[in-house]
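All remarks here apply to the structure that follows.
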Amino acid sequence: MAIARPGKIVCVGRNYREHAVELGNVVPQEPLLFLKPSTAVIGDGDTIVLPPESARVEHEAEIAVVIGKRIRRVPEAQALAALAGITCLNDVTARDLQRREEQWTRAKGFDTFCPLGPRVVPLEQVRLAELEVRCRVNGIERQRGHAHDMVFGLAALVAFASQAMTLEPGDVIATGTPGGVGPLTAGDVVEVEIPGVGVLRNPVAAESRKA
Ligand code: MG
């Protein structure tokens with residue numbers, strides 16, 4: 001089942017210490033927010049297209065929350081009640097462009113760079129204390145992270161993002177990726193799994209350019 005295209009995708013950078021360190025970054029004092037365009041969203045089974053502008057496209061497996069109620073400046077204690085549920089997200093990133101450019105809009109905004117799904121599972125059906133995310137490429141595990149290792153937890157992230165912008169039903173917050181990010185090449189199949197939520201599986205292909 002495809003997920004409706006969100007109005008916006010709010011992402012959090014460097015929210016696991018291990019991942020911040022692997023890219024040579026310090027852990028931020030506050031959540032580091034950026035946006036991915038809604039046009040980057042694809043569903044389970046759709047193809048991630050490697051653009052010719054990048055020589056290094058990487059997977060970032062993430063736990064995503066989907067907003068269920070319109071909120072602004074929601075207190076942390078009420079943040080989880082505003083969620084429709086949890087799903088899998090792959091924050092696909094052109095790492096070479098990200099390193100070269102101060103703004104990450106291009107590096108993280110190409111079409112197909114936001115696989116999302118396969119379904120939204122309500123919070124009450126998820127064991128939040130055991131929440132974890134895994135990434136496999138061609139069946140080999142590359143990433144495994146536990147939500148309790150996040151620098152800022154789900155409720156804190158929702159509350160923080162809602163201080164800046166109104167969050168509307170269907171909006172998505174991607175909560176950051178654990179260590180182990182790595183390259184994707186044409187012919188790969190990448191999977192993001194959240195046990196109890198589902199597996200988001202996407203093939204990878206090079207962009208075919210029409211003359
Ligand atoms: Mg990310």
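Here are some residues: E18, E58. Which one is in contact with a helix residue (DSSP H, G or I) (Cβ under 6 Å, 6 or more places away or on another chain), among the acidic types (D, E) and more than 16 Å from A155 (Cβ to Cβ)? Even if it seems obvious, please write down each step before you answer.
Numbers: E18 fails: in contact with a helix residue (DSSP H, G or I) (Cβ under 6 Å, 6 or more places away or on another chain).
Testing whether each residue is in contact with a helix residue (DSSP H, G or I) (Cβ under 6 Å, 6 or more places away or on another chain), among the acidic types (D, E) and more than 16 Å from A155 (Cβ to Cβ) leaves just E58.
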(message) So G24 passes all but one of these: (1) at positive phi; (2) at pLDDT 95 or above. Which condition number does it fail?
(response) (2)
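Just to check your reading of the model, which residue among A81, A94 is farther than 25 Å from T185 by Cα and free of Cβ contacts under 8 Å to residues at least 60 places away in the same chain? First the steps, then the outcome.
On the way: A94 fails: farther than 25 Å from T185 by Cα.
The match here is A81.
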(request) Give D149, D171 a once-over and let me know the one that is at pLDDT below 95 and under 18 Å from the mean Cα position of the chain (by Cα). (result) D149
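Yes or no, residue by residue, for (1) in a loop (DSSP other than H, G, I, E, B); (2) within 14 Å of the ligand (Cβ to nearest atom):
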position	(1), (2)
I3	yes, no
G7	yes, no
N25	yes, yes
A55	yes, no
E58	no, yes
E62	no, yes
V74	yes, no
A79	no, no
(message) I want to confirm something. Restricting to segment 9-23 and keeping residues that are more than 21 Å from N202 (Cβ to Cβ) and within 10 Å of the ligand (Cβ to nearest atom), which single residue is surrounded by the fewest Cβ atoms within 10 Å (Cβ to Cβ)?
(response) R14
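Against the definition (within 13 Å of the ligand (Cβ to nearest atom) and either over 22 Å from I140 (Cβ atoms) or in contact (Cβ under 8 Å) with a residue 40 or more places away in the chain (or both)), how does P31 come out, yes or no?
Working: within 13 Å of the ligand (Cβ to nearest atom): yes; either over 22 Å from I140 (Cβ atoms) or in contact (Cβ under 8 Å) with a residue 40 or more places away in the chain (or both): yes.
So P31 passes the test.
The values are calculated or read from the model by the stated rules, or taken from the named source; none is laboratory data. Quick caveat, the model's predicted, so the values are computed rather than measured. For neighbour counting, all protein chains shown are included, and Cβ atoms are generated from backbone atoms with ideal geometry for every residue, glycine included.
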